[in-house]
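Engineer: Dropping the structure in here first, questions after.
The values are calculated or read from the model by the stated rules, or taken from the named source; none is laboratory data. This one's a predicted model, so the numbers in the text were calculated from it and none came from an experiment. Here the Cβ is made from the backbone with ideal geometry for all residues, glycine too, and neighbour counts use every protein chain on show. Each accessible area value is taken on the protein alone, full model and side chains, heavy atoms only, with ligands, DNA and RNA left out. Shrake-Rupley method; radii C 1.70, N 1.55, O 1.52, S 1.80 Å.
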Amino acid sequence: MIRYLLALLLVSAISPAAAVETLKIATLAPEGSTWMREMRLAAAAAEKATEGRVKIRFYPGGVMGNDVTVLRKIKLGQLQGGAFTGSELSLVSKDAQLYSLPFLFRDRAEVDAVRATVDPLLFKTFDDAGWKVLNLSGVGFAYLMSSGPIAGGGDLVSRKVWVPQNDLMAERVFRAGGVAPIPLPLPDVFTALQTGLIDTVGNTPSGAIALQWHGKLRQVLDLPLSYVTGYVVVSGKSWQKLEVADQAAVAEAFRASGERIDADNRRADAQALQALQGLGIELVPADKGEATRWQAIGADVTKQMSAAGELSEAPLSALQALLEAHRAKPAAASH
């Protein structure tokens with residue numbers, strides 16, 4: 001009996017410790033930003049909840065390259081995940097830009113009315129594509145901002161409008177509205193504004209200030225162009241390496257961080273819009289007919305994308321039904 005117990009102790013002593021899984025996540029967000037602060041809090045909470053079995057290492061400030069490079073490194077297994085906008089993730093998931101469909105939402109109340117139901121449907125499309133969404137947070141509404149008039153009917157047609165490189169949806173919308181957009185990668189926009197290559201951009205108020213675009217802008221069109229979203233995702237292969245209980249712990253830590261980021265971004269955008277106005281940039285109401293025209297163009301492009309199978313039916317149908325129900329309520333007209 002004693003020999004048996006000694007043998008068990010010996011086996012226990014030489015057995016390897018529980019495997020530690022490290023998720024390496026790259027982001028363009030700089031160290032010290034609100035996003036990085038919240039992500040580090042989420043990582044610490046996840047590590048504590050898993051008793052150290054899951055560690056998360058961040059590579060901020062774009063040190064791992066742009067979105068295309070990061071996605072390639074994830075595919076090669078050099079990274080396990082990254083933080084992306086919906087536009088950037090459209091390279092791997094056709095539904096990544098669902099909330100950013102053009103001229104879809106009219107105010108934040110509409111966003112709040114759909115997310116509880118649509119988020120899980122959207123996450124399933126990522127699961128099916130081989131990805132796990134750790135969190136989805138709202139960056140804020142992007143607005144058209146210009147150095148010249150943009151509120152009146154036909155004003156945009158004469159403007160030099162920037163769209164993000166590879167954002168085919170934005171290009172399609174503007175072309176349908178008679179605008180010839182100018183695609184450029186994000187890092188080139190500041191110089192393009194300075195040289196006059198472009199004079200109109202779409203961004204959140206916070207983004208325009210952070211990227212120092214505001215110095216060349218004079219007007220902000222008070223018509224939501226799109227709702228910008230940010231994702232933190234990891235490859236499904238990396239996710240499956242975690243124990244089920246550890247998956248739940250990591251998911252909860254990042255879900256909570258996403259809620260905090262949402263709240264922070266809302267406050268920051270409201271303050272940024274006030275700051276832009278304080279700098280002499282005018283918030284101009286859209287011509288009613290022009291606003292209706294662009295919203296109709298956005299709806300038509302969405303219909304075309306759905307018919308072509310470029311959007312999954314379940315999340316899109318749910319989103320549209322919830323929006324219709326929300327707008328039918330009398331209080332939906334108030335902001």
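Engineer: At a probe size of 1.4 Å, how large is the accessible area of THR302, to the nearest 10 Å²?
Structural biologist: We get 10 Å² for THR302.
Engineer: Probe radius 1.4 Å, ligands and nucleic acids left out: which of GLU282, GLU310 has the largest accessible area, and how do the rest follow?
Structural biologist: Largest accessible area first, the residues go GLU282, GLU310.
Engineer: Rolling a 1.4 angstrom probe over the protein heavy atoms, how many square angstrom per residue are accessible across the chain?
Structural biologist: That works out to 49 Å² per residue.
Engineer: Order of 19-30, 79-90 by packing, highest average Cβ count within 10 Å first?
Structural biologist: 79-90, 19-30
Engineer: Next question, about the same structure. When you count, for each residue, the other Cβ atoms within 10 Å and take the mean per peptide, how do 56-66, 283-293 rank with the highest first?
Structural biologist: Descending packing order for the listed peptides: 56-66, 283-293.
Engineer: Is the shape of segment 155-273 best called rounded, prolate or oblate, per the rule: a/c under 1.5 gives rounded, else a/b larger than b/c gives prolate, else oblate, with a ≥ b ≥ c the square roots of the Cα gyration tensor eigenvalues?
Structural biologist: The shape class here is prolate.
Engineer: When we measure straight from the Cα of LYS237, which lysines land under 22 angstrom away, once same-chain ones fewer than 8 places off are left out?
Structural biologist: LYS24, LYS55, LYS73, LYS75, LYS94, LYS124, LYS132
Engineer: Also, quick follow-up: Give me the extension gain from GLN274 to ASP127: residue separation times 0.36 nm, minus the current Cα-Cα distance, reported in nm with one decimal.
Structural biologist: Result: 49.0 nm gained on full extension.
Engineer: Could you work out the relative contact order of the chain? I mean the mean sequence separation of Cα pairs under 8 Å and 6+ apart, divided by the number of residues, in percent.
Structural biologist: It comes to 26 percent, rounded to a whole number.
Engineer: Now for a separate question. Whenever you get a sec, compute what percent of the accessible area on the chain sits on carbon and sulfur atoms (1.4 Å probe).
Structural biologist: Using a 1.4 Å probe with all protein chains present, the chain comes out at 57 percent carbon and sulfur.
Engineer: So, one more: Which order, highest average first, do 320-330, 140-150 follow once you tally other Cβ atoms within 10 Å for each residue and take the mean per peptide?
Structural biologist: 140-150, 320-330
Engineer: Take the alpha carbon gyration tensor of segment 102-141, find the square roots of its eigenvalues, order them as a ≥ b ≥ c, and report rounded if a/c is under 1.5; if not, report prolate when a/b exceeds b/c, else oblate.
Structural biologist: Prolate shape, in that a/c is at least 1.5 and a/b is the bigger ratio.
Engineer: Per residue of segment 177-193, in order, report the coupling 6.51 cos²θ - 1.76 cosθ + 1.60 (Karplus, θ = phi - 60°) as ³J(HN,Hα) in whole Hz, putting x for Gly and Pro.
Structural biologist: Rounded to whole hertz, the list is x, x, 9, 9, x, 10, x, 8, x, 3, x, 8, 5, 4, 5, 5, 5.
Engineer: Using the Kyte-Doolittle scale, find the helices of the chain whose mean hydropathy is at least 0.5 and whose Cα atoms extend 15 Å or more along the helix's long axis, counting only whole DSSP H runs.
Structural biologist: Helices meeting the criterion: 2-14.
Engineer: Using only helices, what value at 222 nm comes out for the chain when you add -39,500 (n - 2.57) per DSSP H run of length 4 or more and divide by the total residues, to the nearest 500 deg cm²/dmol?
Structural biologist: Rounded to the nearest 500, it is -15500 deg cm²/dmol.
Engineer: Describe numerically, in nm with one decimal, the distance between label points set 7 Å from Cα along Cα→Cβ at THR191 and at GLN165.
Structural biologist: Calculated label separation equals 1.1 nm.
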